[in-house]
Amino acid sequence: MTFSEYVASLRNKRITVLGIGVSNTPLIRRLAAAGCTVTARDRADRERLGPVAEELENMGVRLILGENYLEGIEADVIFRTPGLRPDLPQISAAVAAGAELTSEMEAFFRVCPCRIIAVTGSDGKTTTTTIISELLKAAGYTVHLGGNIGQPLLCQADDMKKEDIAVLELSSFQLMTMRQSPEIAVVTNLAPNHLDVHKSMEEYCDAKRNIFRYQPADGKLVLNLDNEITSAMISQACCPVALFSRRQPVETGFYCSGGVIYAAEAGKAEPVLEASEIFLPGVHNIENFMAAFAAVSGLVDTETMRTVARTFKGVEHRIEHVRTLRGVRYYNDSIASSPSRAIAGLRSFDQKLIILAGGKDKGVPFDTLGEEYVRRAKAVFLTGPTAGAIRSAIERAPGYAGSPEIFEFADFRDNVLAAARYAEDGDVVMLSPACTSFDRFRNFMERGKYFKEIINSLE
């Protein structure tokens, strides 16, 4: 079924779209333009939606906005925004009354004419997804990058060709109700995350399993052998598995030994490149590249792998070098919205760092992060609702004896400026929040951009 045929099949149905955001707005426009009966609901009021509210109403879309936007859903088809739990009482009642619950991403899987490679995990999703895209483009493929990264792809599906490749980053929220899986699936790693939304770690992991649960027998599943949770998924695969590891050789996949990355096939290994040749710093980026290599093996040759590894400079807000001023290097790692991601950033450097942390709580404990700060931080500057909890985790950590120094500022800008004043020639200052941005910002991108504005304004 093409996307146009899918839209045509919805013309005589009552459609409700939950969430008027980045992924759903193009879909709302397309459905309305095709003459569908569309109701769009969002917690935001008209003022927050801005001109898009009037635009959609002029197209015939009925808007239901504000705190009670989920009440009284009557629909034949419901498109759920990723961050909205599918088992909310209002949604469950509509489904019980006969509504079909789906999403922009689930619809894309139904109509996509080309091969899909999808990536999920707790950390490294965006970088790994982007590396896969860069590898394929360097090998000459037409690539469509989307999902939880880039732009929504559903409305572009009719323009895709069979020989193209769609490369997707998928979050646990997108995967919760998925009943289709990509031909090639990658799980980078799994650790406690998003427990402010998921009811348990098991529910979170079970959502992630949907990325490979429905794979075809001739597909490929790429798993991290070094991660306890993902390595346990090997036995759950329904297609061949390729592994990656920094700690031990693998039968099929990629591994790092003696500072060299090897490609393995049926137990035979060939060197690809030295890990030190990867332009991006940090051992986690060695893992990201090995995961990407495993995903595209058979589609991309090793020379192309080497070229991309040596030249790829990373993704914005991911250990992004902002500037060097008076010998102090400033990095933006705003994407580090969980303790595990923040720890990976800390371990990317061989010196003690000045860290800017804090934000909205995700329900994940900070104990391990506190221990890591004691080992790897020179000073920690805290802000936001989690400042007290992070301070407490540092002070409880084994070996803490007043180092790192801990500072707290209510205002984000004041916190950044204080860290800049504290820093000396040779220091590294990194925004690495270990928490979500939603206490003050719409998303981690807005937080990172504001951090860069502050740093670039320093004289």
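Bear in mind these aren't lab numbers, they're just calculated from the coordinates by the rules spelled out. What you see is a predicted model, and the numbers here were worked out from it, not measured in a lab. Note that each Cβ is placed from the backbone with ideal geometry, even for glycine, and that neighbours are counted across all protein chains shown.
Brief remarks on what is shown
- Stretching the chain fully between Glu100 and Asp218 yields a gain of 39.5 nm (0.36 nm per residue, less the alpha carbon separation).
- Within segment 296-455, percent of DSSP bridges classed antiparallel, to nearest 5: 25 percent
- Relative contact order of segment 364-414, pairs being alpha-carbon contacts under 8 Å that are 6 or more residues apart, as %: 47 percent
- Mean-position separation - Cα centroids, segment 337-380 and segment 121-163, in angstrom: 30 Å
- Relative to the current alpha-carbon distance between Asp425 and Ser257, full extension at 0.36 nm per residue lengthens the span by 57.0 nm.
- Length added when fully stretched, Thr307-Arg247, from 0.36 nm per residue minus Cα-Cα: 19.2 nm
- Between Ser200 and Ser9, the simple spin-label model (points 7 angstrom out along Cα→Cβ) gives 3.5 nm.
- Residue list for segment 230-269, given a label point 7 angstrom along the Cα-to-Cβ vector of Arg375 and an amide N cut-off under 19 Å: 246-248
- In this simple spin-label approximation, Arg30 and Ala232 carry label points 7 Å from Cα along the Cα→Cβ vector, and these lie 3.8 nm apart.
- Distance (nanometres) between label positions extended 7 Å along Cα→Cβ at Lys161 and His321: 3.8 nm
- Since only Pro216, Ala94, Ala32 are under comparison, the one whose Cα sits farthest along the positive direction of the charge dipole of the chain, derived from C-beta charges on Lys, Arg, Asp and Glu, is Ala32.
- Mean-position separation - Cα centroids, segment 385-416 and segment 285-305, in angstrom: 39 Å
- Cα-based shape type of the chain, given that a ≥ b ≥ c are square roots of the gyration tensor eigenvalues and the cut on a/c is 1.5: oblate
- Overall form of segment 322-459 per C-alpha gyration tensor (a/c, 1.5; a/b vs b/c): oblate
- Note on segment 289-380: dipole from Cβ charges, positive end direction compared against Met305, Thr324, Phe293; the farthest Cα belongs to Thr324.
- Classification of segment 1-128 by its C-alpha gyration tensor yields a rounded form. The axis ratio a/c (a ≥ b ≥ c) stays under 1.5.
- From its DSSP helices (H runs of at least four residues, each -39,500 (n - 2.57)), the chain gives a residue-normalised ellipticity at 222 nm of -9500 deg cm²/dmol.
- For the residue pairs Lys378/Lys449; Lys125/Lys208; Lys220/Lys268; Lys313/Lys378; Lys137/Lys449; Lys13/Lys208, alpha carbon separations beyond 21 Å are given by Lys378/Lys449; Lys313/Lys378; Lys137/Lys449; Lys13/Lys208.
- Sorted peptide list for 72-78, 280-286, criterion being average Cβ within 10 angstrom, highest first: 280-286, 72-78
- When only the Cβ of Lys, Arg, Asp and Glu is charged (+1, +1, -1, -1), the dipole of the chain relative to its Cα centre reaches about 140 debye.
- Considering only the chain, percent of DSSP beta bridges that pair antiparallel, nearest 5: 20 percent
- Reported to the nearest whole Å, the Cα centre-to-centre distance from segment 78-119 to segment 1-46 is 12.
- Note on Arg43/Glu408: beta-carbon distance plugged into 1/(1 + (r/R0)^6) with R0 of 25 Å gives a FRET efficiency of 0.20.
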